[in-house]
Number of protein chains: 2
Amino acid sequence: MEDRAPASIKQFEERLIDVSESLPKRLRQCAEYVAANKDRIAVSTVAEMAEGAGVQPSAFMRFCRILGFSGFSEMQRLFRESYAGGWPDYSTRLKNLREKAEGSASALLGEFVDAGRASLENLLKTIDAKTLDDAAEALAKAQMIHIIGLRRSFPVASYISYAFEKMNVPAMLHSGVGGLDNHNAIRTGDVLLAVTFSPYSAETVDMVEAVSARGIPVVALTDTIVSPLRKFEAITLSVSEVDFGAFRSLSATLCLAIVLSVAVGTKRSE
Amino acid sequence: MEDRAPASIKQFEERLIDVSESLPKRLRQCAEYVAANKDRIAVSTVAEMAEGAGVQPSAFMRFCRILGFSGFSEMQRLFRESYAGGWPDYSTRLKNLREKAEGSASALLGEFVDAGRASLENLLKTIDAKTLDDAAEALAKAQMIHIIGLRRSFPVASYISYAFEKMNVPAMLHSGVGGLDNHNAIRTGDVLLAVTFSPYSAETVDMVEAVSARGIPVVALTDTIVSPLRKFEAITLSVSEVDFGAFRSLSATLCLAIVLSVAVGTKRSE
DNA sequence: TCAGAAATGGACTATAAATTCTATTTTTCT
DNA sequence: AGAAAAATAGAATTTATAGTCCATTTCTGA
């Protein structure tokens, strides 16, 4: 109605406070219910919200418009979108990019920076603190940490390896140089840290399988929960990167990698 | 279909893992997308989920039924009911994490995520579009791209190497395995891409010096402008990472690395 | 290599939800 | 207290979205 619709949750809240002074009975009920149940807006229908507030749906609609929205849907959209942060859908953006900026390097940079930031936020939201701690604990107890990660995961593995080295944590990077697999270097008391992402490299999965069968603990860094490493009894940390096109930046993965490394380093020196 | 619908998120996840072993292509895409974006289910439509997974809505519906639901709505209901809302927002979450989890692995995670985000933002602000384009241009013209980056920079170098491989760009990673330096593999018409950060590894600097003396173009990825690579006539891209403690996450560097790789890949295929 | 089965894409339909409209009630002001 | 204005409830309408169906493609096993 009056001016333009709130563009952020913050603006929405301000607006709500402004307005709620001078509201007739039913609309005030709406305001109060909404204030107390902001999180329900994203997942409810007008009918449900109206019932919650004890008013008719049409009253709730009027309330939405007083707040500056064209209707309930527009208000709901604000909440749905701001949940989980900006979720630009990258397939559309990639298409636009191809058409418009024609792959100019700096346009690409913007996209990848965005993807990276979204991934990091997502990591913070989805990682399970308990699992992370368990993983660090298991690795800290190891006599020697064996690290494996091939192809796309190799940068991560080598990064972890470097970090451990710097912190004097005994670690061995299994890089598969020369086609050697060095399974025998892994001994009782050691722990395997496996990094693998879709498409999961067979060597890594094989090593986890072999090692796991021998009762050696495995910590896995992987994407999503449907990774093939689930089958084995590994402590699994899953990270999902926001892809941009066919390319995956490793921001979140590396962040988790360094956190894990530092946590292990700290625990060991205690 | 089979038995009854999952009654909790936990059951849902188990079911997802169970089922995901034996799934045809499109349905697997659904499983993967869902696994990585569980939080979107509550606030999206089938069409949106399907698009995210890269499948047709009808395929996504089939997926819901395989999981045991009567349709998308029933599955969504499960998530809407247990939807806790992503609030409070990112910065508040971060603050809580720091204060509460003090010293634990998850507190570390907060710090590194923050450092990573800051680095990415900073990258966007400081990178010079022209230089970035020049670098991509130079690399795109190369007959072969030689990549060097040792120690801390090695993950970056190997990441770039992987990306080039994926895009069919002829590239060679000089990893120094076996103490070989392979200077002679670098020929007229090639370009060297050197990655180095303080403390700058002597091998890298030496290689840049030698190669540069032969008139071969060099693109450098380094920190700050006082890096020793400045002396040579290299196209220099500098990234500064925000450190946390003594540790440096490579978020910004890797982001720049992938941008450069993709830009080169795109230019070459034009 | 071919036949049968499974999987897929896309158009079509049914349904549930948002939105609008209007008669009725409540409030406000003189 | 009575008329005008505002607010409300509920039904009617429109729109968006889930869900269905079937022709076509893609796998699978003989």
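The values are calculated or read from the model by the stated rules, or taken from the named source; none is laboratory data. Note that the structure is predicted; figures quoted are calculated from it, not measured. Note that we place each Cβ from the backbone using ideal geometry, even for glycine, and neighbour counts take in every protein chain shown.
Before moving on, here are some points about what is shown:
- Elements of type helices (runs of 4 or more DSSP H) contained in the range A:18-89, each with 3 or more residues being over 32 Å from the mean Cα position of the chain (by Cα): A:25-36, A:46-53, A:57-66
- Taking the numbered list (1) surrounded by fewer than 22 Cβ atoms within 10 Å (Cβ to Cβ); (2) more than 10 Å from chain B (Cβ to nearest Cβ) in turn, residue A:165 passes all entries but (2).
- Filter result (of a type outside the set (Gly, Ala, Ser), away from chain A (no Cβ under 14 Å) and not in a helix (DSSP H, G or I)) within the range B:229-270: B:232, B:233, B:236
- Of all residues in the range B:6-29, those that are among the basic types (Lys, Arg) have Cβ atoms under 6 Å from Cβ atoms of residues that are within 11 Å of DNA strand C (Cβ to nearest atom), 6 or more apart or on another chain, in B:26/B:55; B:26/B:59.
- Inside the range A:15-42, residues that are within 12 Å of DNA strand D (Cβ to nearest atom) and crowded, with 19+ Cβ neighbours inside 10 Å make up a count of 4.
- The lone criterion from (1) more than 9 Å from every other protein chain (Cβ to nearest Cβ); (2) in contact with a Leu (Cβ under 8 Å, 6 or more places away or on another chain) left unmet by residue A:190 is number (2).
- Checked against (1) near DNA strand C (Cβ under 8 Å from one of its atoms); (2) within 18 Å of residue A:83 (Cβ to Cβ), residue A:39 meets all criteria but (1).
- If you check A:121, A:165 for being within 14 Å of residue A:258 (Cα to Cα) and free of Cβ contacts under 8 Å to residues at least 60 places away in the same chain, only one passes: A:165.
- Where a residue in the range A:130-141 is closer than 15 Å to residue A:216 by Cα and its partner, wherever it lies, is in a helix (DSSP H, G or I) and of a type in the set (S, T, N, Q), with Cβ under 6 Å and at least six apart: none
- Residue match in the range B:117-125 (condition: crowded, with 18+ Cβ neighbours inside 10 Å, within 11 Å of DNA strand C (Cβ to nearest atom) and modelled with pLDDT of 85 or more): no
- The C-beta contact set for the range A:54-80 (first residue in contact (Cβ under 8 Å) with a residue 60 or more places away in the chain and away from chain B (no Cβ under 14 Å), second residue within 11 Å of DNA strand C (Cβ to nearest atom) and in a helix (DSSP H, G or I), distance under 6 angstrom, 6+ apart or interchain) comprises A:69/A:75.
- Subset of the range A:195-215 [touching a strand residue (DSSP E or B) at 6+ places or on another chain (Cβ under 6 Å) and either at pLDDT 95 or above or β-branched (Val, Ile, Thr) (or both)]: A:195, A:196, A:204, A:208, A:211
- Summed over the range B:126-148, residues that are facing chain A (nearest Cβ under 10 Å) and within 30 Å of residue A:123 (Cα to Cα) total 4.
Conditions tested, residue by residue: (1) closer than 14 Å to residue A:150 by Cβ; (2) touching a residue at least 40 places away in the same chain (Cβ under 8 Å); (3) out of contact with any Ser or Thr (no Cβ under 8 Å at 6 or more places or on another chain).
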position	(1), (2), (3)
A:184	no, no, yes
A:201	yes, yes, no
A:210	no, no, yes
A:217	no, yes, yes
A:222	yes, no, no
A:265	no, yes, yes
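- Single residue of the range A:200-228 satisfying the filter (in a helix (DSSP H, G or I) and of a type in the set (D, E, K, R)) that is surrounded by the most Cβ atoms within 10 Å (Cβ to Cβ): A:203
- Being away from every other protein chain (no Cβ under 13 Å) and charged (D, E, K, R) is true of residue B:209.
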